[in-house]
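Take a look at the structure below.
The values are calculated or read from the model by the stated rules, or taken from the named source; none is laboratory data. All figures in this text were calculated on a predicted structure; none of them were measured in a lab. Cβ coordinates were reconstructed from backbone atoms using ideal geometry, including for glycine residues, and neighbour counts include every protein chain displayed.
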Amino acid sequence: MHDRSRQLEELAERLFDVVVIGGGITGAGIARDAAMRGLSVGLIDKGDFAGGTSSRSSRLVHGGVRYLEHGHLHLVFEASAERRLLLKLAPHLVRPLAFTWPVYQGQRLPLWKLASGLMLYDILSLFRNVGRYKRLARKDVLAHEPRVRADDLRGGVRYWDAATDDARLTLANALDARALGAIVVNHVQFLRAAPAEDGVRVIGTRDQLGGRELEVRARVLVNATGPWSDAVRMLEAEEGGAGAGAGPTARIQGSKGAHIAVRRDRVGNRDALTLLHPDDGRVLFALPAGAHTVVGTTDTFTDASPDDVRASRSDLDYLLGAANRFFPDARLAADDVVAAWAGIRPLMPSRGSSVAASREHAIGREERLTVTITGGKLTTYRVMAREVVDAVQELLGRRRVRATTNVRPLPGGELDVVLAVQEAMRATNDAAHATRLVHAYGSAWRDVEAYCTRDDAARRAVVAELPYRMGEMRWCVEREMACTIGDLLIRRTRVAFETKDNGRAAARAVAQHLAMPASEVERYEAEAARIFTVDP
């Protein structure tokens, strides 16, 4: 926290070339890109990094096979290239994942059409995916996924994409931006922005933890707040003196995506599965997540506030219905859901359905030296960041410096993951803990393990059946800008997503270990309720 105090002081004292509002995957990527190009950068978020949609995705870095059906070939090509690059730059955080797609009698996509689409998918990746698609006979599908429904099964396909830890991928970008000289502070809320004078904007902010208001100066402001971007633009319009009814028109249309986590041994999937919902034919995923299977996602336009969006009982019914249809032995009910959550995708406005709406992005330049980024998807965050920083350089009147985020590995990314896991297993004699260390921290795993072996208290598990240690909590506070228990249990780790009480018991244990006051436990319980409560 002493280091955070210094960052806050610098935030208030310096004149920045650019201040980025929003610490999701896009904002963190922009801050990193701008810092790599030599700009002075500030990054703030009213909550934690990845506190919104960027910690509630399907946890995939993927080419977007389902976008082929809607003709978004450019997006598939772009996303496939980014997937290939991230597998190289962050192999600990972005890992190959095999998908089986079973095809049943009467489904809207016959086997021949699906196989043709996946051939195109491989072509658009320039045949440089982890592995090429393979058409499967019925017996081959059941050999890969023996628990999947056999009735009416015609065959299937097997293809490759990649899994990620979305929150830690976001954090890695924020940490590297800071290592490159950016001032990066979470839990700082944007309040207002005065019109530019002498080419400088004064931004009003509030430290959400200490209550202090700070004025921050910047030559250019970037609005990378995702589903909050229209609200931020409205605040700017008010400061600029726009009258009633004269505010900016909406640039985003929110689409709610809900997921559920259930015990994997109940479902029985070995790898990932792509499925077509039996009710409406929408694409769904059943994804392996340690001891759990994540089923999702829904895709419906919503007017809900991004601060309060949650899964509903109808979302659970929709997702459980699909899981039970394709895995009949699971017999899942609402009580079997370990966690349910939702996020809002900030899509560009569309007259069609949310399913068909484009996942492309758009960059707007405001009159008052603000750049706003809307739309897009996690997989292509680096492309969006590059284009935003290009626009910032133009507004600054600077010679355009080329982005090099395609060369520099993300923190922890300089390793061979397989060899590192083997070494960590030998060092810890605990396969689950070793895998967690390498997949979360990459080449820094030994340093984190040193925190976990300081004493008996540091060695203690946060939750008995999960691979997180109390020493890891200390590391995240001292080295990864975690300030609250929510930062620790929802985003630095996945305890909240992997426990039936969404981490409430663990919160009390962590507070005791870190000598946090009771008010921090209350803060956590409020945050967990806001995210994981299921609406009627």
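Before we move on, is ALA79 outside the structural domain of LYS377 (by TED's automatic domain parsing), under 30 Å from MET481 (Cα atoms) and either among the aliphatic types (A, V, I, L, M) or assigned to a loop (DSSP other than H, G, I, E, B) (or both)? Criteria met by ALA79. Restricting the search to helices (runs of 4 or more DSSP H) fully inside the stretch 398-482 and requiring at least 2 residues that are exposed (fewer than 13 other Cβ atoms within 10 Å of the Cβ) and among the aliphatic types (A, V, I, L, M) gives 417-428. Against the numbered list (1) surrounded by fewer than 22 Cβ atoms within 10 Å (Cβ to Cβ); (2) of a type in the set (A, V, I, L, M, F, W, C); (3) modelled with pLDDT of 95 or more; (4) under 27 Å from GLU236 (Cα atoms), LEU320 comes up short only at (4). Among residues of the stretch 457-471 that are in contact (Cβ under 8 Å) with a residue 12 or more places away in the chain and closer than 11 Å to GLN512 by Cβ, those with a beta-carbon under 8 Å from a residue that is in a loop (DSSP other than H, G, I, E, B) and among the aliphatic types (A, V, I, L, M) at least six positions away or on a different chain give the pairs MET470/VAL462.
Does LEU118 satisfy the criteria of being in a helix (DSSP H, G or I) and among the aliphatic types (A, V, I, L, M)? When the stated conditions are applied, LEU118 passes them.
When you check SER350 against the structure, is it modelled with pLDDT under 95 and either closer than 23 Å to GLN253 by Cα or not assigned by TED's automatic domain parsing to the domain that holds PRO110 (or both), yes or no? The answer is yes for SER350. Given (1) crowded, with 16+ Cβ neighbours inside 10 Å; (2) modelled with pLDDT of 95 or more; (3) of a type in the set (A, V, I, L, M), where does ALA291 come up short, assuming only one miss? Only one criterion is unmet by ALA291, namely (1).
Going by the structure shown, is VAL202 among the aliphatic types (A, V, I, L, M) and either at positive phi or without any contact (Cβ under 8 Å) to a residue 40 or more places away in the chain (or both)? Judged against the criteria, VAL202 is a match. Within the stretch 1-52, the residues that satisfy the criterion of being among the hydrophobic types (A, V, I, L, M, F, W, C) and either touching a Cys at 6+ places or on another chain (Cβ under 8 Å) or over 15 Å from ASN186 (Cα atoms) (or both) are MET1, LEU15, PHE16, VAL18, ILE30, ALA34, ALA35, MET36, LEU39. Scanning the stretch 358-397 for residues that are in contact (Cβ under 8 Å) with a residue 60 or more places away in the chain, part of a loop (DSSP other than H, G, I, E, B) and either within 22 Å of LEU180 (Cα to Cα) or not charged (D, E, K, R) (or both) yields a total of 3. Residues in the stretch 360-382 that are surrounded by fewer than 20 Cβ atoms within 10 Å (Cβ to Cβ) and either under 27 Å from ASP280 (Cβ atoms) or not small (Gly, Ala, Ser) (or both) were compared, and the one that is modelled with the lowest pLDDT is GLU367.
Conditions tested, residue by residue: (1) at pLDDT 95 or above; (2) closer than 28 Å to THR53 by Cβ; (3) among the aliphatic types (A, V, I, L, M).
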{"site": "ARG459", "(1), (2), (3)": "yes, no, no"}
{"site": "VAL477", "(1), (2), (3)": "yes, yes, yes"}
{"site": "ALA496", "(1), (2), (3)": "yes, yes, yes"}
{"site": "VAL521", "(1), (2), (3)": "yes, yes, yes"}
{"site": "GLU527", "(1), (2), (3)": "yes, yes, no"}
{"site": "ARG530", "(1), (2), (3)": "yes, yes, no"}
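Only residues that are under 30 Å from PRO91 (Cβ atoms), of a type in the set (A, V, I, L, M) and assigned to a strand (DSSP E or B) were counted in the stretch 172-200, giving 3. When the stretch 201-217 is filtered for residues that are in a strand (DSSP E or B) and surrounded by 15 or more Cβ atoms within 10 Å (Cβ to Cβ), the ones remaining, listed by number, are ARG201, VAL202, ILE203, GLY204, THR205, ARG206, ASP207, LEU214, VAL216, ARG217. Search the stretch 152-197 for residues being of a type in the set (Asp, Glu) and touching a strand residue (DSSP E or B) at 6+ places or on another chain (Cβ under 8 Å), and hand back the single one that is surrounded by the most Cβ atoms within 10 Å (Cβ to Cβ). Step by step, filter the stretch 152-197, then rank; the result is ASP161. Considering only the stretch 328-343, state which residues are touching a Lys or Arg at 6+ places or on another chain (Cβ under 9 Å) and either charged (D, E, K, R) or buried (at least 24 other Cβ atoms within 10 Å of the Cβ) (or both). Matches in the stretch 328-343: ASP329, ARG331, ASP336, ALA339, ALA340, TRP341, ALA342, GLY343. Residues that are among the charged types (D, E, K, R) and in a loop (DSSP other than H, G, I, E, B) were ranked within the stretch 121-140; the one that is surrounded by the most Cβ atoms within 10 Å (Cβ to Cβ) is ARG132. For HIS72, the conditions (1) under 20 Å from VAL383 (Cα atoms); (2) in the same structural domain as GLY226 (by TED's automatic domain parsing); (3) surrounded by fewer than 20 Cβ atoms within 10 Å (Cβ to Cβ); (4) touching a Lys or Arg at 6+ places or on another chain (Cβ under 8 Å) are fulfilled apart from (2). Among the residues in the stretch 1-21, are any part of a loop (DSSP other than H, G, I, E, B) and small (Gly, Ala, Ser)? The answer is no; no qualifying residue exists.
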